[in-house]
Amino acid sequence: MSALRVENVSHRFGRIPALEDVSFDVPKGSFTALLGVNGAGKTTLFSLITRLYDSTSGRIEVAGFDIRRQPRQALARLGVVFQSRALDLDLTLRQNLRYHAALHGLARPDARIDQVLAMVGLSDRLHAKARTLSGGQQRRAEIARALIHEPTLLLLDEAAAGLDAASRRDVLSIVRGLGAQGVSALWATHVFDEIAPDDPVVILHKGRVLAHRPAGTDLTTEFLEMTCAG
């Protein structure tokens, strides 16, 4: 069973097509890159997966659960890190995570909070206000927040945007390491140097899947550069 299965998904805004017959899988335990320029359809696809929009055709499954017929089960297995910052800057890191845990119905989340902060390397910042964290630390805190309810799949939309090179490497290393914890990741980006040679890659271009590279196969830098140039 895949962590995510997208089958023949299309979506329109009025008469304007945003996605056309998009299909791909995210294998369990994998870090899969969704590569495309701004406007390629990545955010629209994430909005369909998270049920912010309802797809006009096709099927999306999270851990085997259809998001239209079984939305509660599907969304319970999904964690999301959007590009825009979402922490309450006036709360401590612990307070931010406790609030998010309450939204998921976790009555006694402190042990899980300690666990996810250790996973992202922020155990020593438990009582720090979010506004005192660096940009990279805030992004890692958002990853911890998205993991609080033990999801099967993590969606990350341009999660390294605005970070310096060192922070970007740290965030990528953390997300790639989640596979060992049983968490799959779909990493949306327009920056092809965030992709490792052995990463599975789905290239989205003008709302269509232009190419799908399974793990361990070759996809030339020249082709990636051509795609990202639009």
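Observations, loosely collected:
- There is no residue in the range 48-55 that is in contact (Cβ under 8 Å) with a residue 40 or more places away in the chain, under 25 Å from Ala159 (Cα atoms), part of a loop (DSSP other than H, G, I, E, B) and of a type in the set (Lys, Arg).
- Residue match in the range 15-35 (condition: closer than 21 Å to Phe192 by Cα, touching a residue at least 12 places away in the same chain (Cβ under 8 Å), part of a helix (DSSP H, G or I) and out of contact with any Phe, Trp or Tyr (no Cβ under 7 Å at 6 or more places or on another chain)): no
- Count of residues meeting criterion [without any contact (Cβ under 8 Å) to a residue 24 or more places away in the chain and in contact with a helix residue (DSSP H, G or I) (Cβ under 9 Å, 6 or more places away or on another chain)] in the range 161-176: 1
Residue-by-condition table, conditions (1) at pLDDT 95 or above; (2) outside the structural domain of Val26 (by TED's automatic domain parsing); (3) surrounded by fewer than 18 Cβ atoms within 10 Å (Cβ to Cβ):
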| residue | (1), (2), (3) |
| --- | --- |
| Ser123 | yes, yes, yes |
| Arg131 | yes, yes, yes |
| Leu155 | yes, no, no |
| Ala161 | no, no, yes |
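- Residue list for the range 137-160, filter: farther than 17 Å from Asp124 by Cβ and either of a type in the set (S, T, N, Q) or assigned to a loop (DSSP other than H, G, I, E, B) (or both): Ile148, His149, Glu150, Pro151, Thr152, Glu158, Ala159, Ala160
- When we screen Arg12, Arg85 for residues that are in a strand (DSSP E or B) and at pLDDT below 95, the only hit is Arg12.
- Only residues that are polar (S, T, N, Q) and surrounded by 18 or more Cβ atoms within 10 Å (Cβ to Cβ) were counted in the range 78-117, giving 1.
- Residue in the range 200-209 that is outside the structural domain of Leu91 (by TED's automatic domain parsing), under 15 Å from the mean Cα position of the chain (by Cα) and closer than 17 Å to Arg85 by Cβ present: no
- Answer from His104, His127 - the residue that is at pLDDT below 95 and not assigned by TED's automatic domain parsing to the domain that holds Arg168: His104
- Check on Leu93, more than 18 Å from the chain's Cα centre (by Cα) and of a type outside the set (Val, Ile, Thr): yes
- Scanning the range 49-80 for residues that are touching a strand residue (DSSP E or B) at 6+ places or on another chain (Cβ under 6 Å) and within 13 Å of Arg12 (Cα to Cα) returns Ser55, Thr56, Ser57, Gly58.
The values are calculated or read from the model by the stated rules, or taken from the named source; none is laboratory data. Only a predicted model underlies this, so the values are computations on that prediction, with no experimental measurement involved. Here Cβ is always computed from backbone atoms with ideal geometry, including for glycine, and neighbour counts include all displayed protein chains.
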